[in-house]
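Input: a single structure, listed below in structure tokens.
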Amino acid sequence: MARKATVDVAKVMQMLREGQSTQSVAEFFGVSRQAIDLHRRKFIQNGQLVEKRAPRRTVTLPEPAEAGIKDGTHVSIPKPETGSKGYQAVLRPESAESGKRDAEAVSLDRLIELIIEAFDSLKQVPKLEAELEKYKRDYQKAAAQIELLEKAVSKRNEQEARWKLVVPPEGGKSSS
């Protein structure tokens with residue numbers, strides 16, 4: 001079983017604060033960019049780091065035509081065989097659904113970032129559901145209190161109306 005690589009979290013934060021890219025920090029520790037990106041996201045959520053990114057180094061991929069892709073409905077992804085210079089075409093989901101064709105290709109790094117963001121968002125669902133249940137309970141309590149207050153006001157108005165019937169107005173009294 002392979003041992004997981006560990007990183008010095010304080011050193012990661014220091015390097016990110018210095019403006020180094022996620023990729024350069026990952027290379028420094030010998031881990032994936034996504035591993036460092038997870039730490040960066042935690043720092044941002046905790047307010048320890050301002051969300052700004054260092055410029056990325058880009059790897060130039062062959063043009064879609066070179067990879068055998070003739071339109072923008074596919075993404076070029078390296079073939080799984082190591083040492084292979086070819087690329088496989090993967091259908092872009094939004095193009096498949098809408099039938100649209102556009103020339104913009106989505107990089108694999110961006111796809112991975114989107115997946116990580118989606119999973120981070122999914123982690124928030126139970127917390128948000130619990131918060132929603134709390135608000136529902138608070139609403140129900142408030143609605144019950146309003147109902148009680150409305151009943152009390154109605155009862156007071158009835159008592160006041162009965163009192164007015166029993167006690168004659170002071171202007172109509174005669175003195176004997």
>> If the requirement is being exposed (fewer than 10 other Cβ atoms within 10 Å of the Cβ), charged (D, E, K, R), at pLDDT below 90 and farther than 30 Å from K42 by Cβ, which of these qualifies: K173, K100?
In response: K173
> Going through region 109-155 one residue at a time, which ones are closer than 30 Å to S21 by Cβ, basic (K, R) and surrounded by fewer than 10 Cβ atoms within 10 Å (Cβ to Cβ)?
Replying inline: K123
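The values are calculated or read from the model by the stated rules, or taken from the named source; none is laboratory data. Just so you know, these numbers come straight off a predicted model, no measurement behind them. Note that each Cβ is placed from the backbone with ideal geometry, even for glycine, and that neighbours are counted across all protein chains shown.
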